[in-house]
1. Sketch the reach of a paramagnetic label on residue 205 as a point 7 Å from Cα along Cα-to-Cβ, and name the residues of the stretch 108-126 whose backbone nitrogen lies under 20 Å away.
2. Sorting 55, 269 on the 10 Å Cβ count, fewest up front, what's the list?
3. Could you work out the Rg to Rh ratio of the stretch 40-136, with Rh taken as the Kirkwood radius (inverse of the mean 1/r over all Cα pairs)?
4. Any chance you could check the Cα centroid distance between the stretch 77-124 and the stretch 147-186 for me, in angstrom?
5. Taking Cα pairs under 8 Å and at least six residues apart, what relative contact order does the chain come out at, in percent?
6. Nearest 5 is fine: what % of DSSP beta bridges in the chain come out antiparallel, could you say?
7. Nearest 0.05, what FRET efficiency do residue 159 and residue 137 give at R0 = 22 Å with Cβ-Cβ as r?
8. Give, in nm to one decimal, the length gained when the segment between residue 80 and residue 218 is fully stretched (0.36 nm per residue of separation minus the Cα-Cα distance).
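Each reported figure results from applying straightforward, stated rules to the coordinates on display, with no laboratory input. What you see is a predicted model, and the numbers here were worked out from it, not measured in a lab. Counting neighbours? That spans all protein chains shown, and the Cβs are built from the backbone with ideal geometry, glycine included.
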């Protein structure tokens, strides 16, 4: 059983009651991140580490499901996880107070500058297939949750996102108090881009996954942005959910696109939200990452 009471989050994408179907095992891995902050990238890293010869027994999103996401039936996800005999790794976009806390579970918390995450989320929402949106909104109607609402206009979408628990500042605020727990590892998107090999070694050490030096080049190469988007790379049935498949889902992977989009007023709102939610050290880490700051959380 989890060691703390948790909040039940329900919104367009998430239903926190789905955790009730999950039977925890002591060596489980939870990848916790707000949307578009490196979730799939981190899942791919964990898979590459666990199967360093590239022999993973399935596609990524089948091996590592979104435990509290509305896209798949909760019972189907739970049954698939129950059948897995290897060490399991799942993803969640739920803030810390909505995720069950088990001292024997390893939590990898991945963040990115919120302005970059917002820009990537815009592409994500624009490519989400209409039938998937209809399915999700039918699910939210059953339990009275807020449906998916995204206009595609940054001027209209930014403030609702910023004020939600799904934004990067709010998400980091929820997890930051747990940064010194021995079973929690903080990873930053910028650090993955700057030193993928080094960050993967950190993750391998945290998870206590053995990888030989001979295996490292291919283990890392599989997780480069180019390799993950390459034709023939099968991470899962992304084309069923997103127009353009994996190439549409993994769009550009670049930072700073918000500079030409967000207005001065929006940037001021973002700075106020950061100031309200985060300490100066947390705010600096969210914007820059560990390698640029020269220190870890």
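1. It comes to 108-111, nothing else.
2. On the way: 55 7, 269 16.
Result, fewest neighbours first: 55, 269.
3. Value, to two decimals: 0.97.
4. If you average the Cα positions of each part, the centres end up 13 Å apart.
5. Details: 417 pairs, mean separation 77.6, N = 297.
The normalised contact order for the chain reaches 26 percent.
6. Numbers: 3 of 17 bridges.
Of the beta bridges lying entirely in the chain, close to 20 percent run antiparallel.
7. Details: r = 21 Å, r/R0 = 0.97.
About 0.55, to the nearest 0.05.
8. 46.9 nm
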